[in-house]
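J.: Questions regarding the structure given below will be posed in turn.
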Amino acid sequence: MSTEQLPFPGLRSGVEDVPTNEDAQTAKEYTSDQEVRWCPGCGDYAVLKAVQGFLPQLGLRRENIVFVSGIGCSSRFPYYLDTYGMHSIHGRAPSIATGIATAREDLSVWVVTGDGDALSIGGNHLIHALRRNVNMTILLFNNRIYGLTKGQYSPTSEAGKITKSTPMGSVDHPFNPVSLALGAEASFVARTIDSDRKHLTSVLSAAAAHRGTSLVEIYQNCPIFNDGAFDAIKNNDTKADAIIPLTHGEPITFSAGTKGLIRDSQTGGVKIVETADVDADALLVHDALNPDPSQAFAISRLTEMGYLNQTPIGIFRQVSRPTYDDQARAQVASASEAAPGTPTERLAGLIGSGDTWTVV
Amino acid sequence: MTGQQSKQVKQLDRVIIRFAGDSGDGMQLTGDRFTSESAVFGNDLMTLPNFPAEIRAPQGTIPGVSSFQVHFADHDILTAGDAPDVLVAMNPAALKANLADLPKGAIIIVDTHDFTTRNLTKAGYDANPLDALGDAGSALGEFAVHAVDLTGMTVEAVKEFGLSRKDAARAKNMFALGLLSWMYGRPTESTTAFLTKRFARVPDIRDANITAFKAGWNFGETTESFAVSYEIKPAPQQPGTYRNISGNLALAYGLVAAGVQSGLPVFLGTYPITPASDILHELSKHKSFGVTTFQAEDEIAGVGAAIGASFAGSLGVTSTSGPGVALKSEAIGLAVMTELPLLVVNVQRGGPSTGLPTKTEQADLLQAMFGRNGEAPVPIVAPQSPGDCFAAAVEAARIAVTYRTPVFLLSDGYLANGSEPWAIPDVADLPVIEPRFATEHNHTKTAPDGTVSTEFWPYLRDEETLARPWAVPGTAGLENRIGGLEKGEGHGNISYDPANHDLMVRTRQAKIDRIAESIPPLQVDDPSGAAKVCVLGWGSTYGPIGAAARRVRKAGFNVAQVHLRHLNPFPKDLGEILRRYDKVLVPEMNLGQLSMLIRARYLVDAVGYNQVNGMPIKAAQLAEAVGALVADAEGTPVDLTADLTPATTAQEVSE
């Protein structure tokens, strides 16, 4: 077996080949005529509003945007957007989106999924989409519970959680979606919060501009089955201590600057220190563009896996590497361009190839 | 080397040769080359490769035996043959594994080199059967055995190239091929050209193989062990240009053709699985036709990506075998619900579960028919011979695109790996497939205030086909959402309305039933018009059924044959045709799956002839079953050994 040096397409925007719209668009244009049927108070409403408000800013032709979802509460999302959309089957949205994105360079492809859909039944497709780096944006709504099936624990629920299916407490160890994505060598990994529209929109904007698979974990409250799961990062009196904000190029500090991150020489990871105890230049400066995902991974480990009292929020990693779909299309294009004659002539040549004989 | 034979030449009308050896002995290649030589020569032929699932099964053992059977004739033949006239056995295990299939008087050529105590023990022989040749009661006494040191002679012939003994011995299959090529007067140029190309980068190996091949030929020519050679004249064929083709290759070409004929880019989403992987390998070579091949992380992702590509305006295809279909079932249901074109190629193998990966079976018919939750009808198309996989693939694509539906294409391991001469079709004669993408609004609505406007309804159907519009992303004004939840008729929005669900279930079924309007009438092969027994088949049993029918007719009895390309929906005239006959026999490589469908659908008392041993049905055995049914129907004894047809008729008898 030998390997071929593949051309690197260079730095391009995630929506570079998608036709743009000259006229200004409104959120209303992106709103379908279907009644939204999430529970009152569901975090999904906020995300829907943010996306409907954000898409006009993208300035793409509406007919060139496709939303694909799996199964779960959040997967109803495509019905409420007046773009092309498919509400598919449980866990498989990344694979369907891979087909769409590979077949068409002129589409902006979005996947809407949840913690059960993406990390449990569809875990395999998620990691493989991330490793291939197919040009699409995955919005992973993480409410740390199964909502549509009425309240069983999910693969991101904390250990010990008491749910309908775990009356004595869950003995499952949860996934950290950001760590998982970084482990799969995802090229864009971010985490944001349903209720912080400004941050959510800024992350969506960066994700859409990224060429490759962008994974955006959105902490989303389920008011029915897991209410308050994110209170620590939402309440004004606690969030400064609970959120570790990540901004590329800036030292990572929180708790009003009193705490910060430094490298932990003993573990090779990072640890939290009182900023007063260290020199300012010892503080870790966030580098989302670092080709080596180790530091981003180390930061992701600061996520509290029990009740969420502490979590990094922001863009963990944003690096450029070739996308599967660009390369697959380039191979088809170069083979097509090199081939002489019409398809019909070439078909006749193909089926008539090899050892033939003629009977007259 | 051709045409210079100095020995006696005997005329034969057909021969069945089986090359058998260890998995690493190159028997598939040997058979393949002999087949190509025979095809170029102009014989009609059919082949049956048979190999273990293991890439290198334990050397020298019976499970490690790999074989290739080729049946070639001076007339039109239908099967790879029941019993070999010639067995080439490269080791004791190959001899032992195949001996029971040989008729009395068969020729056996054995490579004595591997008949060592160790190999004999591995094969389960207490004593060397070659030692007893000529003794009364010898296990090989009924056969014409040629015990030849093929390996030794090969090593001797190629010693000038300085290869290691092991490398030199590996050319023994070419020595055997040379010998057989001499025996049957095969043209040798194509094999020499093949070896020259295949080993272009390793000149010593190339030269050794070519030399071994020639040495094998010369050995046959000069040795006294082989007193006669044989001549099998070319078979009369319809005018046209031919090539030899395997089922998987023809199927892959058919998919390329479907792309060209529809103007759609072909997108294959798949996961490697025996015996379907060659379709992926072949299609991956044809990117110049706009074909994209996606080797997914699993079977589900393969079909998922194909569905996504179809949604985006490609011809989505997924290829697999039975275990893969099991994994894809939910996604196929999604394609039923979203009414998107999708080809699901199932190259059937022995089941259930992992089953027999390299053996053939037809036991996935009911899986294709019913293997989804809910009422989820899927059309089914089946090829009947290796070359027919081409046309069947184009037909499956026609149905998928025209009716916006997933379609099963049920091939099997025998078709996939077997080969036959194929009349290369004229591209101008291939059907044109019209995608007819939706481009504009299709529904007029009136607002409460009387304002009239237009909109797009993704489930408003074509009156003739009941197909829904295929609106591809990028088409302005047709933005719409589809999915697995039940659709409201017409507008396509989610609907939980009971009456709507009942209507939609019936409509999806009616759409599939409607396909029958586009299927040509069945061809009934009933030469006398007086048959009381009809043999109904589908898929790769076409050959054995046809050969069995010939035997029965040759003995002076009447039998009709009908073969189904479309398993769902059935052709409109099938019920009426079956009712014309007193008895209907359905031979299948399963426990009676088509029989069950026929009995349920037409209340016809179909009788099954069922074999599930991983091998094609044998014509002679099937003929006996047909004969028994004819005897029953006609009320007369049936003796198939009689030959009531004029001797001059070149009809195949003993196939």
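A short reminder: the numbers here are calculations on the coordinates, not readings from a lab. The shown structure was predicted, so the numbers you read here are calculated from the model rather than taken from an experiment. No Cβ is skipped: glycine too gets one built from the backbone with ideal geometry, and neighbour counts run over all protein chains shown.
J.: Counting only helical runs of four or more DSSP H residues, what would the 222 nm mean residue ellipticity of chain A come to if each run contributes -39,500 (n - 2.57) and the total is spread over all its residues?
T.: -7500 deg cm²/dmol
J.: Same structure again: At 222 nm, what helix-only mean residue ellipticity would chain B give, in deg cm²/dmol to the nearest 500, using -39500 (n - 2.57) for each DSSP H run of four or more?
T.: Helix-only estimate at 222 nm: -10500 deg cm²/dmol.
J.: Would you calculate the volume per residue, in Å³, of the smallest convex hull containing every Cα atom of chain B?
T.: Cα-based convex hull of chain B, divided per residue, equals 171 Å³.
J.: Right, here's the next one. Residues with beta-carbon under 12 Å from that of B:SER225, excluding B:SER225: net charge, scoring Lys, Arg +1 and Asp, Glu -1?
T.: Computed value for this residue: -2.
J.: How many angstrom lie between the C-alpha centres of the stretch B:412-468 and the stretch B:84-134?
T.: 58 Å
J.: How would you rank B:164-172, A:110-118, B:83-91, highest first, on the average number of other Cβ atoms within 10 Å across their residues? Show your work: numbers first, answer last.
T.: Values: B:164-172: 18.3, A:110-118: 31.6, B:83-91: 24.6.
Order by mean packing, descending: A:110-118, B:83-91, B:164-172.
J.: Taking the 0 to 90 degree range and rounding to the nearest ten, how far is the long axis of helix B:27-41 tilted relative to the main principal axis of chain B, both from C-alpha atoms?
T.: For helix B:27-41, the angle is close to 90 degrees.
J.: Per residue of B:292-301, count partner chain C-beta atoms within 10 Å of its C-beta, then hand back the mean as an integer.
T.: Rounded to a whole number, the mean comes out at 6.
J.: Based on the alpha-carbon gyration tensor of the protein assembly as shown and its eigenvalue square roots a ≥ b ≥ c, which shape applies: rounded if a/c is under 1.5, prolate if not and a/b is larger than b/c, or oblate?
T.: prolate
J.: If r is the Cβ-Cβ distance from A:SER336 to B:LEU460 and R0 is 30 Å, what FRET efficiency results, to the nearest 0.05? Don't skip to the answer; put the middle values down first.
T.: Values: r = 35 Å, r/R0 = 1.18.
That pair, A:SER336 with B:LEU460, gives E of 0.25.
J.: Based on alpha-carbon positions alone, could you give the equivalent ellipsoid semi-axes of the stretch A:238-360 from the gyration tensor, as √(5λ), descending, whole Å?
T.: Over the Cα atoms of the stretch A:238-360, the ellipsoid semi-axes are 59, 14, 13 Å.
J.: Quick one: if you stick a label point 7 Å off each Cα along the C-beta vector at B:ASN373 and B:GLU231, how many nm between them?
T.: With each label placed 7 Å out from Cα toward Cβ, I get 6.8 nm.
J.: Hey, fewest Cβ within 10 Å first, where do A:SER13, B:SER277 land in order?
T.: A:SER13, B:SER277
J.: Sticking with this structure for a sec: Under the definition of partner shielding as Cβ atoms of other protein chains within 10 Å of a residue Cβ, what is the mean value for peptide B:31-39?
T.: Average neighbour count from other chains, rounded to a whole number: 1.
J.: Extending each Cα 7 Å along its Cβ direction at B:SER138 and B:THR112, get the distance between those two points in nm, one decimal.
T.: Calculated label separation equals 1.1 nm.
J.: May I pose another question? Using per-residue counts of other Cβ atoms within 10 Å, averaged over each peptide, order A:131-144, A:298-311 from highest down.
T.: A:131-144, A:298-311
J.: Where the centre of each part is set by its Cα atoms, how far does the stretch B:236-303 sit from the stretch A:246-319, in angstrom?
T.: Centre-to-centre distance over Cα atoms comes out at 50 Å.
J.: In degrees, nearest 10, range 0 to 90: what is the angle between the Cα axis of helix B:322-338 and the longest Cα principal axis of chain B?
T.: 20 degrees
J.: As I understand it, the value is the acute angle between the Cα axis of helix B:172-183 and the longest principal axis of the Cα atoms of chain B; what does it come to in degrees, rounded to 10?
T.: Between helix and principal axis, roughly 80 degrees.
J.: Using a 7 Å offset from the Cα along the Cα-to-Cβ direction at both B:LYS10 and B:VAL505, what is the distance between the two label points in nm, to one decimal?
T.: Distance between the two pseudo-spin positions: 6.7 nm.
J.: Once you average over the residues of A:331-339, how many Cβ atoms of partner chains fall within 10 Å of each Cβ?
T.: The mean count of partner-chain Cβ atoms within 10 Å per residue comes to 4.
J.: Please give me, ordered by residue number, the chymotrypsin sites (Phe, Trp or Tyr not before Pro) of the stretch A:2-109 that lie in loop per DSSP and have at most 12 other Cβ atoms within 10 Å.
T.: Passing both the DSSP loop test and the Cβ count: no residue.
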